[in-house]
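*Asks:* Starting off with a structure, shown below.
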Amino acid sequence: MPDIDASLAAGQVWRGQGDWSQAARRAKRRITTGRRAVAALTATAAVAGTAAARLAASAPTAGRVLALVAAVSLLLVPVFGRRASRDAVAVWTRLRAVSEASKAELYRYLARVAPYAGSDADAVLLHRYGLLVDGAGDLVGHTLDGAPADRPPPPVTDVPSYLVERVQRQVDGYYLPAARQAGRAAARIGRAATALTVLAAVLSAVVGVFGDGLGLTAWVGVAATVTTALVGYGAAERYDQQHLEYARTADQLTRLRLTRAAGSGWTDDEALVAEAERIIAQSNAAWMAKMIEDDGAAQQ
């Protein structure tokens, strides 16, 4: 077997994969920033607009300032909304798809399983990577914005090292932390939405019992608007679904690795690697397809 570290093909594909991965991360940050800004600006407009109306008579200067804040916030909503448009989501998912597919090809190559078991493995790798890049040729420009990825290929030379560096590292370094992070984010949004709902209910009860002498009815609407913006952000980011999907994938990969280690199944190297990559690819395809579907439905 040739020295993996010396393989120009592996180095080229790994650097290219890093460039696509960085581009995907930048695109995702832009989408997330846009969604957060839309939620924050919507809430700000509701609060500032209501406060401006309440202060118009008693503090006209403050009322005008708050009215201006509300107006500017509303004007900025579509500006930041474009960062999370359907087209932006589609670009991100395609960048991520090329990155993940390139990574899968490289790990198969390093593990020396089909279609990389022969003496032409380098040529096959470059050809298959070229097909991936050609299929997303209109996005290549996105990979030029960051610093070139400079890192050695993973230390995989066979299937046992593949199980450690690809399967177990993917579980411990990505899926489990991502599942926990998504779960915590979903819980925070749920608690905040519950608190706002309770606040709106309390305000409504006070108005119902004591009347609206303090102008609380308007703030019930504000609480509802902020709740909607918050829940909408959480739904767009799909924290609940990501929590479940990442946890499920981590469990599947762990059981696959342990079954092999116990000698109770998956003894064929090529079948094992194919199954591991299928699980990872299925997870990626599931959330990417759902992301595009949900985004399209939200914008119809």
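The values are calculated or read from the model by the stated rules, or taken from the named source; none is laboratory data. Since the model is a prediction, treat every value here as computed from it, not as a measurement. Backbone-built Cβ (ideal geometry, glycine too); neighbour counts: all protein chains shown.
*Asks:* Please specify each residue of segment 262-291 satisfying the condition of being modelled with pLDDT under 95 and surrounded by 15 or more Cβ atoms within 10 Å (Cβ to Cβ).
*Replies:* Those that are modelled with pLDDT under 95 and surrounded by 15 or more Cβ atoms within 10 Å (Cβ to Cβ): Ser283, Asn284, Trp287, Met288, Met291.
*Asks:* Another question about this same structure. Can we say Leu196 is of a type outside the set (S, T, N, Q), farther than 26 Å from Gly81 by Cβ, in a helix (DSSP H, G or I) and modelled with pLDDT of 95 or more?
*Replies:* no
*Asks:* Any idea which of Thr249, Thr259, Thr254, Thr227 is more than 26 Å from Ala182 (Cβ to Cβ), at pLDDT 95 or above and among the hydroxyl-bearing types (Ser, Thr, Tyr)?
*Replies:* Sole residue among the options that is more than 26 Å from Ala182 (Cβ to Cβ), at pLDDT 95 or above and among the hydroxyl-bearing types (Ser, Thr, Tyr): Thr259.
*Asks:* What's the number of the only condition in (1) over 17 Å from Ala24 (Cα atoms); (2) out of contact with any Lys or Arg (no Cβ under 8 Å at 6 or more places or on another chain); (3) assigned to a loop (DSSP other than H, G, I, E, B) that Tyr175 fails to meet?
*Replies:* Among (1) over 17 Å from Ala24 (Cα atoms); (2) out of contact with any Lys or Arg (no Cβ under 8 Å at 6 or more places or on another chain); (3) assigned to a loop (DSSP other than H, G, I, E, B), Tyr175 violates only (3).
*Asks:* Further question: Contact list please: Cβ distance under 6 Å, first residue in segment 234-258 and β-branched (Val, Ile, Thr), second residue modelled with pLDDT of 95 or more and part of a helix (DSSP H, G or I), pairs at least six apart or on different chains.
*Replies:* Pairs found: Thr249/Tyr175; Thr254/Val171.
*Asks:* With the requirement that a residue be of a type in the set (S, T, N, Q) and in contact with a Leu (Cβ under 6 Å, 6 or more places away or on another chain), what does segment 226-255 give you?
*Replies:* Hit for segment 226-255 is Thr227, nothing else.
*Asks:* Another question, then. If we keep just the residues of segment 180-220 that are in contact (Cβ under 8 Å) with a residue 60 or more places away in the chain, hydrophobic (A, V, I, L, M, F, W, C) and more than 15 Å from Gly234 (Cα to Cα), which is surrounded by the most Cβ atoms within 10 Å (Cβ to Cβ)?
*Replies:* Here the residue is Trp219.
*Asks:* Quick one: in segment 32-56, of everything that is touching a Phe, Trp or Tyr at 6+ places or on another chain (Cβ under 6 Å) and not small (Gly, Ala, Ser), which residue is surrounded by the fewest Cβ atoms within 10 Å (Cβ to Cβ)?
*Replies:* Of everything passing the filter in segment 32-56, Arg35 is surrounded by the fewest Cβ atoms within 10 Å (Cβ to Cβ).
*Asks:* Next up: When only residues in segment 221-256 that are part of a helix (DSSP H, G or I) and basic (Lys, Arg) count, which is surrounded by the fewest Cβ atoms within 10 Å (Cβ to Cβ)?
*Replies:* Looking at the filtered set, the residue picked out is Arg255.
*Asks:* What single numbered condition from (1) among the acidic types (Asp, Glu); (2) at pLDDT below 95; (3) within 24 Å of the chain's Cα centre (by Cα); (4) buried (at least 16 other Cβ atoms within 10 Å of the Cβ) fails to hold for Asp145?
*Replies:* Condition (4) is where Asp145 drops out.
*Asks:* Are any residues in segment 78-97 buried (at least 17 other Cβ atoms within 10 Å of the Cβ) and not small (Gly, Ala, Ser), and if so, which ones?
*Replies:* Scanning segment 78-97 gives Phe80, Arg83, Val89, Val91, Trp92, Thr93, Arg94, Leu95, Arg96.
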